[in-house]
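Notes follow once the structure below has been shown.
No value in this document is a laboratory result; all are computed from the given coordinates. None of these values were measured; they are calculated from a predicted model. Cβ placement follows ideal geometry from the backbone for every residue including glycine, while neighbour counts extend to all protein chains displayed.
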């Protein structure tokens with residue numbers, strides 16, 4: 001009887017040990033499954049983040065390519081604009097030069113006629129008339145270009161308009177008055193094209209200075225009237 005009881009107890013212990021082992025195995029398997037599942041989720045999250053980064057990088061590359069293409073197009077347009085402006089400026093200069101030379105041609109014609117008149121002999125009157133005609137033609141040309149001569153003689157000296165090269169004693173003109181003109185000055189519009197080269201009057205050396213004014217005192221005429 002006691003043997004049967006001992007055998008039953010051993011069998012029960014074996015059964016309990018088996019159950020404990022099975023529980024331990026199941027717990028380990030469950031833990032491993034949980035760990036595997038966690039690793040899979042992390043891997044999927046990392047893969048999703050990498051995919052997002054790759055997409056963002058590809059988008060930035062496309063944007064960089066678009067901006068580079070736009071920059072190159074803008075650079076080409078700017079270069080073409082500079083070329084067009086340079087060509088237009090050169091064309092305008094060429095036209096202005098042609099117009100200027102075209103206006104000078106009648107002056108050359110007048111000079112040729114004056115030379116022909118001089119070579120034909122005579123008393124010289126025709127030569128003077130030819131030169132005067134050329135001078136008038138030149139003044140007409142200057143006026144057409146907006147150039148006008150200065151009137152300097154008898155005017156007060158102005159350093160903005162005149163260039164003084166000599167001082168002359170004069171009793172007829174106040175000091176710093178233009179009394180002689182070596183070459184005429186010219187304006188173009190409101191700007192000085194060339195200042196007039198002039199001589200300026202100064203006080204004569206023998207001219208006595210003006211007497212100083214007498215101060216009014218008690219002994220003057222006003223006291224006598226009083």
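The Cα atoms of region 148-202 cover 35, 15, 14 Å along the three principal axes, with the biggest extent listed first.
Relative contact order for region 44-145: what percent, with Cα pairs under 8 Å and sequence separation of 6 or more?
Normalised by residue count, the contact order of region 44-145 is 19 percent.
In nm, what is the difference between 0.36 nm times the number of residues separating residue 182 and residue 118 and their Cα-Cα distance? Don't skip to the answer; put the middle values down first.
Values: separation 64, 0.36 × 64 = 23.04 nm, distance 2.78 nm.
Full extension from residue 182 to residue 118 adds 20.3 nm.
Note on residue 127 and residue 93: the extension gain reaches 8.6 nm, defined as 0.36 nm multiplied by sequence separation minus the Cα-Cα distance. Take the alpha carbon atoms of region 46-75, find their center, do the same for region 178-205, and report the distance between the two centers in whole angstrom. First find each Cα centre; the distance between them is then 72 Å. Computed over region 103-195, relative contact order equals 26 percent, with contacts defined as Cα pairs under 8 Å that lie 6+ residues apart.
For residue 59 and residue 80, a Förster radius of 41 Å and the Cβ-Cβ distance give a FRET efficiency of 0.85, rounded to the nearest 0.05.
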